[in-house]
Amino acid sequence: TGSGGKGKTTKTKMTRVDGDAMRVAKEIGLLVADMHNSNIVHGDLTTSNIMMRNPPSLDGAVLDGTPRLVLIDFGLAGTAGNKGVSHEERAVDLYVLERAFEATHPGSKALVEEALRAYKGRCKTSDSVFQRLAQVRMRGRKRECFG
């Protein structure tokens, strides 16, 4: 909860973190790894650009089977032909995804960790990408602190 000023109180709705959500997070990681293994970077990898083809019903029913996810909005996507996509570009995709979760899905740290774990297990260059991701995170923190 937080104060909205003039006596108003606002509540932050926490993100659902359960078995279904963890399965979706895992599938996000696998989907991004497959995309990166195909030498494609998204360029705007936010949760708003991930659609679920078989969402659970709104009445609280559990997800039936494996989540079927689709990435949309490849307007900023890139490929590098035979040269391949750089580890930096892949790391920036992951960083943008982390930030999107943080900004729009409060309390989703476990989901981000699950997505990254699945990505690490499938992406052929994950060790190099994760080294770059650490550098990208540091640059992002400096930007937040110093403008």
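The values are calculated or read from the model by the stated rules, or taken from the named source; none is laboratory data. These figures come from a predicted structure and were not determined experimentally. We work out accessible area using only protein heavy atoms, side chains counted, and drop any ligands, DNA or RNA first. Shrake-Rupley method; radii C 1.70, N 1.55, O 1.52, S 1.80 Å.
Quick check: is even one residue across segment 111-127 open to solvent by less than 90 Å² (accessible area, probe 1.4 Å) and modelled with pLDDT under 95? It would help to see each step written out before you state the result.
Residues of segment 111-127 open to solvent by less than 90 Å² (accessible area, probe 1.4 Å): 111-112, 114-116, 118-119, 121, 123, 125-126.
Applying the additional criterion that residues be modelled with pLDDT under 95 yields none.
Checking segment 111-127: not a single residue is open to solvent by less than 90 Å² (accessible area, probe 1.4 Å) and modelled with pLDDT under 95.
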Among the residues of segment 65-81, is any modelled with pLDDT under 95 and assigned to a helix (DSSP H, G or I)?
yes
